[in-house]
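The values are calculated or read from the model by the stated rules, or taken from the named source; none is laboratory data. This one's a predicted model, so the numbers in the text were calculated from it and none came from an experiment. Backbone-built Cβ (ideal geometry, glycine too); neighbour counts: all protein chains shown. Remember, those area values only see protein heavy atoms, side chains included, never the ligands or the DNA or RNA. Shrake-Rupley method; radii C 1.70, N 1.55, O 1.52, S 1.80 Å.
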Number of protein chains: 2
Amino acid sequence: MFSLTPVLVAVVCILIVWIFKNADRNVEKQAREPRARAESRPWVDEDLRDCTDLHEGEEDADEWHQSEETVDHIPFCPTRYSEEEMVKRSQEFYALLNQRRSVRFLSNEQIPMEVIENVIRAAGTSPSGAHTEPWTFVVVKDPEVKHRIREIIEEEEEINYTRRMGNRWVTDVKKLRTNWIKEYLDTAPVLILIFKQVHGFVETGKKKVHYYNEISVSISCGLLLAALQNAGLVTVTTTPLNCGPRLRVLLSRPTNEKLLMLLPVGYASKEATVPDLRRKPLEQIMVTV
Amino acid sequence: MFSLTPVLVAVVCILIVWIFKNADRNVEKQAREPRARAESRPWVDEDLRDCTDLHEGEEDADEWHQSEETVDHIPFCPTRYSEEEMVKRSQEFYALLNQRRSVRFLSNEQIPMEVIENVIRAAGTSPSGAHTEPWTFVVVKDPEVKHRIREIIEEEEEINYTRRMGNRWVTDVKKLRTNWIKEYLDTAPVLILIFKQVHGFVETGKKKVHYYNEISVSISCGLLLAALQNAGLVTVTTTPLNCGPRLRVLLSRPTNEKLLMLLPVGYASKEATVPDLRRKPLEQIMVTV
């Protein structure tokens, strides 16, 4: 038997309190961490943050197989050109695409809707993970809806510029001589908003995974840009930051669709300018083994 | 003053030990969590998992401005066609792209390298976040390297099929009537491996953020697919799962480059078949407002 002195009682009490506090801190730390991480990443679209579970499930399988179980396989015999023709065609196609520039100064002239339909048909020929075709192209012609889109984007942009962004972002943006006024959203005769369907639905209503949906829709946008260039229309590739949810609601798109890109489409205005940039030469982008 | 009985000592000891254990568990839980999350996502490429910090930093800024600070702005006057011409061109371009199919049966005939250079030049005209042009196209012609690539991909595929994947994945794959034999990796005269540069370097050697690098490189792949189709060549869009790091090392690419896609390129073999799939009609992919 031994007896407890007040000093020992005090030491034991302090010890217990200290241990408890530490345990609490761990719990607190855990709870706070995701928030802290989110706050340190102001540049990631808030809508994308909300759908982590969907984003996680989106990448699967290595080949982009069609998902149809019982589909027939049929012979395929594509067009074949002579080697000379191939070289000529590839040169001409490069020359066509090489004239493309991102244009922020658009004329308000109307453009033929048949052309818009055809360029979207062309975009719809893109390959997609498991042939899910996870894209929706929303074509906005209505001046009021265009203006409402502009308001939403400019509001969010102003917040991005003035509040959300850290020093790095502000420095980067300064270099770009840009601001949050997007006149082309009003003047372009057509805005194409491209939504990726992060998942689909099977007949029973259950969610169907859309493998590689973001990559698929981006490839499809590549085809769209080529088709626009081929038709003599101009655009600028934009990804409105943090506007996805508000634009989705404005355009009545379902929650499984997330805004990936917005392309204002039209003719270049007479005063259009572009930055005098060069592209990397072939030897900087191609390696042969 | 009060005295301590052995029972009280025991209770205090148990209490202290219990509190300590709890605190440990919290720490352990924290440490384990990322691992557990990773393990529950077998379909996400392991290489991509390793670069969370880079991935987090990759999305920034809403417009894809050029980053050059002092670049001049010059007038831009793109080619303009009559409305009739626009409609015709857009129809023809759609017809061309609509003939494209993913082809897994490739002939071993050689193809003109000038065409490969031109299609990669065309891909290099893609827009990119802040004009970073974050792509590297590795063209593999060497039969031994192609075979080594095949070995790596088939090894990883077999592991994917038999070990890594959960029930859902195995069920999905069963439907696809596929296996991990990729003969086209040997027979295709050319493999194009597309790497995304998740960051670059500024002159001082510091990392330079590559905004939207995955979307940019995917758009560029869209242009590449269009260019291949235009030249009369076929391919299949693949994203070899978990092979990125080994293929990167095999091809001596730097650590800031991650494999995004692999395209075997050539002519279709005489026995080529494709699944008898349909594409969604325009009204399913386009919405007008």
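Worth a mention:
- Distance in nm between pseudo-label sites at A:S252 and A:K280 (7 Å out along the Cβ direction from Cα): 4.5
- At 7 Å out from Cα toward Cβ: B:N108 inter-copy label distances (nm, ascending): 6.4
- By definition, a body whose alpha carbon gyration tensor gives a ≥ b ≥ c is oblate when a/c is 1.5 or more and a/b is not larger than b/c, and segment A:77-142 fits this oblate description.
- Shielding of peptide A:125-132 by partners, expressed as the average count of other chain Cβ atoms within 10 Å per residue Cβ, is 6.
- Report note on the peptides B:248-260, A:271-283: ranked by the mean count of other C-beta atoms within 10 Å, highest first, their order is B:248-260, A:271-283.
- Interface size B-A, as summed buried accessible area [1.4 Å probe, Å², nearest 100]: 13500
- Shape index of segment B:197-274: Rg/Rh, with Rg the Cα radius of gyration and Rh the Kirkwood radius from the inverse mean 1/r over Cα pairs, equals 1.07.
- Paramagnetic label zone (point 7 Å from Cα along Cα-to-C-beta, A:D186; backbone N under 16 Å) in segment A:131-163: A:142-155
- Take each residue in A:80-89, count the other chain C-beta atoms within 10 Å of its C-beta, and the mean is 5.
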